[in-house]
Amino acid sequence: MPFTERFLNAKHWQLFTLMIGLPIIVQFGSMIAMFASAVNATNEPPLFVMPAYIILIIVVSILSGATTFGWVWSIGSGLQEKIPNGITMKFKKFKTFYLIAMGYMLLIVLSLLIFIPISMQPDFVPSAAITGILLLLFIPLHFLAIFGIFYGLYFAAKTLKTIELNKEVEFSEFIGEFLMLWFSFIGVWIIQPKINKLVNQEPEEEGVHV
């Protein structure tokens, strides 16, 4: 599957750049540019300057989030063929919850892209009723998405350790991988080289899809 293969074969610095490096550079650059515009007191109204920077930050954040989600998804799905025979992985559960989390994040992004231009209008006044309804819808989805994200990290970490130790593993045995996936700005430097090695090594025996 080309999508997962690209992530599994990517170098640690490439993933770090997309997930962490680029967003930091863009955010700092946008802050400096906005500050410079304010100091220089250009004739361009701030209301037209600010959205451009906000949109740029949102676009880069989407790229960063998509890379992070894609990385974890690729670990959890792309390495299933290397799971030793006789070991059952709850891949359908992982797929369901992680897709829900990804769908929720996409919904948030689309909502922001719609809401920000509307909220910049001078006569914009948020409706209390609509706000309440949106909160009732988003709060349950938010907690479900959080669970889906952590389950995805759990499943990906378990997949890695299962392949590495060639046996059924307990959480205590892969908590390190779980934390490194969670704190990916550090973990990507350690985990991705292991993934590259697993992907490129010759399989000793075929795994089982579950």
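The mean of 1/r over all distinct Cα pairs in the stretch 124-192, once inverted, gives the Kirkwood hydrodynamic radius of 14.4 Å. Comparing Ser184, Ser127, Ser74 in a Gaussian network model of the chain, where Cα atoms under 10 Å apart are tied by springs, the biggest mean-square fluctuation is seen for Ser127. Calculated translational diffusion coefficient of the chain (10 °C, 1.306 mPa s; Stokes-Einstein with Kirkwood radius over alpha-carbon pairs) equals 81 µm²/s.
Summed over the residues of the chain and divided among them, the accessible surface reaches 61 Å² per residue at a probe radius of 1.4 Å. Ordered from highest to lowest accessible area with the whole protein assembly present and a 1.4 Å probe, Leu181, Leu144 read as Leu144, Leu181. By accessible area, using a 1.4 Å probe on protein heavy atoms only, the chain has 72% of its surface on carbon and sulfur. Separation of the stretch 176-202 from the stretch 127-173 is 19 Å, based on Cα centroids.
The values are calculated or read from the model by the stated rules, or taken from the named source; none is laboratory data. Every value quoted in this text rests on a predicted model; they were computed, and no experiment measured them. Side chains are part of the model used for accessible areas, which takes the heavy atoms of the whole protein and leaves out ligands, DNA and RNA. Shrake-Rupley method; radii C 1.70, N 1.55, O 1.52, S 1.80 Å.
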